[in-house]
Structures are given as C-alpha cells and as structure tokens.
Amino acid sequence: MEQEKLRRQQEEDADMKKVEGRMRNILIDLKSNKSARDITVAGLKLGPIRCGLVASSVESNRSLMSLHMARKLIKDEDGVKIARMIKQNKHLRKLELEGNLLGPNTAREFGEALLENKTLKYLDLEGNQLQHD
C-alpha cells in the first residue's frame, strides 16, 4: 500500500513537470489549499494527464467550492478519476461536467461516490453518454 502511494506520487510529480502556465498555477493553488472558490478550466487544454492531476489535486483541497470542466472531451476513464475524487473531497459543492465523453463507468463511480459524499449539491452530467444504449 505504501509503495503504491509512493509510486503514484512520483508519477504525479513527473506529470506536474510537464504542465505550464495557468494550468500549473491552478494545480499548485489546489494542492496548497489556496485556490479560488470557483475554478473553470475553460480555454485550457485538458487531456488525460491534466485531468488526472486536477482530480488528485482536488481530492484533499478545502478551498475550492465550484469546479467547471464542461466541454473538455473528458473520456470515461478520466471521469472515473473525477468521481473517485469526490469520495475524498467533502468541501466541493458544485461540479459541472456537461458535454464531455463520460460513459457508464463514470456513472457507476458517481453513484458510489454520492453515497459517501453528502456535500456536493450540484452535479451537471448533461450531454454525456452515461448509458450503454
């Protein structure tokens, strides 16, 4: 368990070195609990690595209240990371994920996460394909 945690931290550190500019500042602020109350990633490129970094940074953040990640082409496997994030973060109140590529795996993870997280009051998943059909 401890080895897995160390490996994950090393991967995150390596990924963080690849991130620049505004995205890097957002991640640093999230990690240090000095983020704005409301954050949007509009105008930023958000691929799997960055999506994973955002999810891991928000897990333990206590200053963020609202996160807007709409229309960023977030895939189902990255949506799972975001859903797992809200199992840990009990301060986030609003999460907007409309218009992404989230699927049934994300839907299942959010179902489980919402059984544990009672503080999230607004979750927008409109425009995703959360069913197998």
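The values are calculated or read from the model by the stated rules, or taken from the named source; none is laboratory data. What you see is a predicted model, and the numbers here were worked out from it, not measured in a lab. Neighbour counts are summed over all protein chains in view; Cβ atoms, including those assigned to glycine, are modelled from backbone coordinates with ideal geometry. Side chains are part of the model used for accessible areas, which takes the heavy atoms of the whole protein and leaves out ligands, DNA and RNA. Shrake-Rupley method; radii C 1.70, N 1.55, O 1.52, S 1.80 Å.
Could you check, for the range 55-65, whether at least one of its residues is β-branched (Val, Ile, Thr), out of contact with any Phe, Trp or Tyr (no Cβ under 7 Å at 6 or more places or on another chain) and loosely packed, with under 15 Cβ neighbours inside 10 Å? Looking for residues that are β-branched (Val, Ile, Thr), out of contact with any Phe, Trp or Tyr (no Cβ under 7 Å at 6 or more places or on another chain) and loosely packed, with under 15 Cβ neighbours inside 10 Å, one finds none in the range 55-65, hence no. Take Lys87 and decide whether it is surrounded by 15 or more Cβ atoms within 10 Å (Cβ to Cβ) and within 20 Å of Met23 (Cα to Cα). Criteria not met by Lys87. Lys75 passes every criterion in (1) touching a Cys at 6+ places or on another chain (Cβ under 9 Å); (2) open to solvent by less than 70 Å² (accessible area, probe 1.4 Å); (3) of a type outside the set (Val, Ile, Thr) apart from (2). For beta carbons closer than 6 Å, sequence separation of 6+ or different chains, a first residue in the range 92-104 that is closer than 16 Å to Val54 by Cα and a second that is outside any loop (DSSP other than H, G, I, E, B) and among the hydroxyl-bearing types (Ser, Thr, Tyr), the qualifying pairs are Lys94/Ser66; Lys94/Tyr122.
With respect to Met69, determine if the residue is open to solvent by less than 10 Å² (accessible area, probe 1.4 Å), farther than 14 Å from Asp124 by Cβ, within 11 Å of the chain's Cα centre (by Cα) and at pLDDT 95 or above. No, not satisfied.
State yes or no: is Asp38 of a type in the set (Asp, Glu) and touching a strand residue (DSSP E or B) at 6+ places or on another chain (Cβ under 7 Å)? So Asp38 fits the description; yes. Quick one: in the range 24-42, which of the residues that are on the phi < 0 side of the Ramachandran plot and among the polar types (S, T, N, Q) is nearest to the chain's Cα centre (by Cα)? The extreme case among them is Thr40.
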